[in-house]
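Comments concern the structure below.
The values are calculated or read from the model by the stated rules, or taken from the named source; none is laboratory data. Keep in mind that what you see is a predicted model, and the values were worked out from it rather than measured. All Cβ positions, glycine included, derive from the backbone under ideal geometry; neighbour counts span all protein chains shown. We work out accessible area using only protein heavy atoms, side chains counted, and drop any ligands, DNA or RNA first. Shrake-Rupley method; radii C 1.70, N 1.55, O 1.52, S 1.80 Å.
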Amino acid sequence: MCVIISNCPCCKHCYPCSSVSDPLKCKAFPEGIPKEYIWGPVDVQKLKECNNGVKYEEDLS
């Protein structure tokens, strides 16, 4: 079994979670990032756009 770790938490558009049970959210997915982006084969760094015109941008702060 292999584990894929998403780049989503490193994106400047990702929101901090308000609780442990709260889904990871971002400007592209304000209701929650889909599981295939977090645990699946989607490489957000290679996408032209994640959703809603928003593209992955590394948070350098």
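Which value, in Å², gives the accessible area per residue of the chain when a 1.4 Å probe is used on the protein heavy atoms?
Working: 4660 Å² over 61 residues.
Normalised by residue count, the accessible surface of the chain is 76 Å².
When Lys and Arg each count +1 and Asp and Glu each count -1, what net charge do the other residues less than 13 Å away from I33, Cβ to Cβ, add up to?
On the way: positive: K25, K27, K35; negative: D22, E31, E36.
Neighbour charge sum, excluding I33 itself: 0.
Within the accessible area of the chain, what % is carbon and sulfur when the probe is 1.4 Å and the other protein chains stay in place?
57
Quickly estimate the mean residue ellipticity at 222 nm for the chain, helices only: each DSSP H run with n ≥ 4 gives -39500 (n - 2.57), and the total goes over all residues, rounded to 500.
Here the helix-only value at 222 nm equals -1000 deg cm²/dmol.
Please state the Cα pair-distance histogram of the chain with 5 angstrom bins from zero: what percent is in each bin?
Going out from 0 Å in 5 Å bins, the chain shows 4, 19, 30, 27, 14, 5, 1 percent.
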